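The block underneath contains the structure these notes are about, expressed in structure tokens.
The values are calculated or read from the model by the stated rules, or taken from the named source; none is laboratory data. Predicted, not measured: the structure shown is a model, and the values here were computed from it. A quick note on method: Cβ atoms are made from the backbone with ideal geometry, for glycine too, and the neighbour counts reach across all protein chains shown. Just the protein is used for accessible areas: all its heavy atoms, side chains included, with ligands, DNA and RNA removed. Shrake-Rupley method; radii C 1.70, N 1.55, O 1.52, S 1.80 Å.
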Amino acid sequence: MIEIERKFLVTSVAYQEQATLKERIVQGFLNTDKERTVRVRIKGELGFLTVKGKSNDAGTVRFEWEKKISVSDAEQLLLICEPGIIDKVRYNVPIGSHIYEIDEFHGDNEGLVVAEVELQSENQNFKKPLWLGEEVTGIVKYYNSQLSKHPYKLW
């Protein structure tokens, strides 16, 4: 139940040609407390309820619990989420032994493109594609829970 990931800005759309999966994600937050977030997500044809704990100081490691729920349940929960629904398209791109998840944000976060790579340990090596830009791991304003409150268009 531990998530270890690094997050980066993306410098070009070259990843789109390498993608093995592309799907729309709509998500909202029932709770965005700094100690924990509770997220509702519709990803493709599935619904999810996710609880994430506070990140470590580096922003790389945190508790994550996720449960599949029906899309209809997710739709109902989205209706009672805090203001600021996130709408994005996710691309999965295999690079070396990892899969990068690249999120193209829409709506109030239009123009923001972020890549995440999940790791087995904080110090694990991973290949960095040419389209990977500045690392933003641990920078709170890039957390989806914060983008729902303070969207990219207002930066």
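Which ones in the range 56-99 are of a type in the set (Ser, Thr, Tyr), free of Cβ contacts under 8 Å to residues at least 60 places away in the same chain and more than 23 Å from LEU30 (Cβ to Cβ)?
Across the range 56-99, the qualifying residue is only SER97.
Go through the range 77-145 and tell me which strands (runs of 3 or more DSSP E), entirely inside it, have 3 or more residues that are farther than 24 Å from GLU45 by Cα.
On the way: elements: 86-95, 98-105, 113-118, 132-135.
It comes to 132-135.
Can you spot a residue in the range 16-35 that is under 12 Å from TYR91 (Cα atoms), assigned to a loop (DSSP other than H, G, I, E, B) and more than 15 Å from the chain's Cα centre (by Cα)?
yes
Which condition from (1) hydroxyl-bearing (Ser, Thr, Tyr); (2) open to solvent by 40 Å² or more (accessible area, probe 1.4 Å); (3) farther than 17 Å from ILE4 by Cβ is the one that SER121 breaks?
Of (1) hydroxyl-bearing (Ser, Thr, Tyr); (2) open to solvent by 40 Å² or more (accessible area, probe 1.4 Å); (3) farther than 17 Å from ILE4 by Cβ, only one is false for SER121: (3).
For the range 133-155, what are the residues that are of a type in the set (Phe, Trp, Tyr) and surrounded by fewer than 19 Cβ atoms within 10 Å (Cβ to Cβ)?
Once the filter is applied, which keeps residues that are of a type in the set (Phe, Trp, Tyr) and surrounded by fewer than 19 Cβ atoms within 10 Å (Cβ to Cβ), the range 133-155 yields TYR142, TYR152, TRP155.
LEU130 versus (1) open to solvent by 70 Å² or more (accessible area, probe 1.4 Å); (2) under 18 Å from GLN27 (Cβ atoms): which is the lone unmet condition?
All conditions pass for LEU130, except number (2).
For the range 74-91, which residues satisfy the criterion of being touching a strand residue (DSSP E or B) at 6+ places or on another chain (Cβ under 6 Å) and open to solvent by 80 Å² or more (accessible area, probe 1.4 Å)?
Step one: of the range 74-91, the residues touching a strand residue (DSSP E or B) at 6+ places or on another chain (Cβ under 6 Å) are 74, 77-78, 81-82, 85-91.
If the condition is that a residue be touching a strand residue (DSSP E or B) at 6+ places or on another chain (Cβ under 6 Å) and open to solvent by 80 Å² or more (accessible area, probe 1.4 Å), then ILE85 is the only one that fits.
Filter the range 43-60 for residues that are in a strand (DSSP E or B) and open to solvent by less than 30 Å² (accessible area, probe 1.4 Å); which is farthest from ASN109 (Cα to Cα)?
Per the stated criteria, the residue is GLY53.
Which condition breaks for ALA19 when tested against (1) under 19 Å from ILE99 (Cβ atoms); (2) touching a helix residue (DSSP H, G or I) at 6+ places or on another chain (Cβ under 9 Å)?
Here ALA19 meets the rest and fails (2).
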